[in-house]
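Here the structure comes first, spelled out in structure tokens, and everything after it is commentary.
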Amino acid sequence: MIIDAHQHYWLMRSREGAWPPAELTAIHRDFEPKDLQPCLEADGVDGTVVVQSLGRAEDTDFLLELAQSVPSILGVVGWVDLIDPVTVQRLDHYATHPKFKGIRPMLQDIDDTNWILDPKATPAIDALVRHDLSFDALVTPRHFGPLLKFAQRHRDLRIVIDHGAKPFIAQGHLVAWRRAMSELAMLPNVHCKLSGLLTEADGNRRLAAVRPYAETIFELFGTRKTIWGSDWPVLTLVSDYRSWFEECRDIVPDADKAAVFGKNAQSFYRLSGIQPSVFVP
């Protein structure tokens, strides 16, 4: 059983004025399931968790509609405005969809670093816990303090850090990042995705630069709390699907591959209805 726990789909006609900008020509186009399917088949990936990439309810609705007809989509992580008073009712509605698995606020794009600690978000967070939904933390190193407080405050909420909190790999900032990540890793409800690191590096030796950070994620979060994801199609800005997949396979010991590349995603996102494939280390 192999699960890609972090990828995106989008249609440019729905993203006017939003990311990605036109200068990112490689990804400034539509990305649909038919574009990813060859990669999944080539590397024996059984299914994916598709994650929102736009802070609009329409994006979540689009992904849930796709999930209805695309068997490879095992789960959807959507977007809601956590401090909107109607969000609890919206989550009640989304929770009725069998493939709706959690939410991801766009914390990296919010100027207020402490936004996640706003008491107005508490009813929505309580609704996530009540519906057994998860929380993807799209954060950067400036969010470490607030995220730690948030995770300690909501110990019943399953939290996963996307892309290792986007460390400053190009600048070689490892020590302070590791220290902060180790504090988060000690909390039983906090997991981390082995994803999105290549786009934080620079130059022709991206894989070599990323490796210490990827190894640190696995070391800190371990066999049970490390979850692999591709971050496709953003990944295509700097690499191809197979290269990242193989690099992570090389980092994770054979005995732990089944967990990191499948079972952890299945457990964290409460995925079901998966037909496992034979994983060849």
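One table, with the values for the structure above:
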| item | result |
| --- | --- |
| Computed [θ] at 222 nm, helices only, for the chain once each DSSP H run of length n ≥ 4 contributes -39500 (n - 2.57) | -10500 deg cm²/dmol |
| Portion, in percent, of the accessible area of the range 1-131 that falls on carbon or sulfur, probe 1.4 Å | 52 percent |
| Environment charge of E41, counting only residues whose C-beta is closer than 13 Å and scoring Lys/Arg +1, Asp/Glu -1 | -2 |
| Local net charge near I251, Cβ-Cβ under 12 Å (Lys/Arg +1, Asp/Glu -1) | -4 |
| Nearest-20 debye value, the chain charge dipole, Cβ charges on Lys, Arg, Asp, Glu | 700 debye |
| For the chain, convex hull volume per residue from C-alpha positions, Å³ | 123 Å³ |
| Lysines with Cα under 29 Å of K34, excluding same-chain neighbours fewer than 8 positions away | K99, K101, K166, K193, K257, K263 |
| Cα centroid separation, the range 112-152 to the range 227-252 (Å) | 27 Å |
| Karplus-derived 3J(HN,Hα), 6.51/-1.76/1.60, for each residue of the range 236-250, Hz, glycine and proline x | 5, 5, 10, 7, 10, 4, 5, 4, 5, 4, 5, 4, 5, 4, 6 |
| Label point at V175 placed 7 Å out along Cα→Cβ; residues across the range 211-254 whose backbone nitrogen lies under 18 Å | 212-213, 216 |
| Residue-count net charge about A67 - beta-carbon cut-off 14 Å; Lys, Arg +1, Asp, Glu -1 | -2 |
| Accessible surface ranking that places the most exposed of T140, T87, T96 first, with a 1.4 angstrom probe | T96, T140, T87 |
| Relative counts (whole %) of C-alpha pair distances in the range 188-276, using bins that are 5 Å wide | 3, 14, 26, 24, 18, 11, 4, 1, 0 |
| Assigned charges on the beta-carbon of Lys, Arg, Asp, Glu; the range 1-129 dipole about Cα centre (debye) | 200 debye |
| Vicinal HN-Hα couplings computed from phi for the range 2-18 (Karplus, 6.51 cos²θ - 1.76 cosθ + 1.60; Hz; Gly/Pro x) | 10, 10, 8, 8, 7, 8, 10, 10, 7, 10, 5, 5, 9, 10, 4, x, 10 |
| Set of lysines with alpha-carbon distance to K120 below 16 Å, sequence-local pairs under 8 removed | K149 |
| Whole-number percent relative contact order across the range 114-238, with pairs defined as alpha carbons under 8 Å at least 6 apart | 23 percent |
| Percent accessible area from carbon and sulfur atoms, the range 169-230, protein chains only, probe 1.4 Å | 50 percent |
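The values are calculated or read from the model by the stated rules, or taken from the named source; none is laboratory data. Remember, predicted model here, so these are calculated numbers, not experimental data. With ideal geometry, Cβ positions are generated from the backbone for all residues, glycine too; neighbour counts draw on all protein chains shown. Side chains are part of the model used for accessible areas, which takes the heavy atoms of the whole protein and leaves out ligands, DNA and RNA. Shrake-Rupley method; radii C 1.70, N 1.55, O 1.52, S 1.80 Å.
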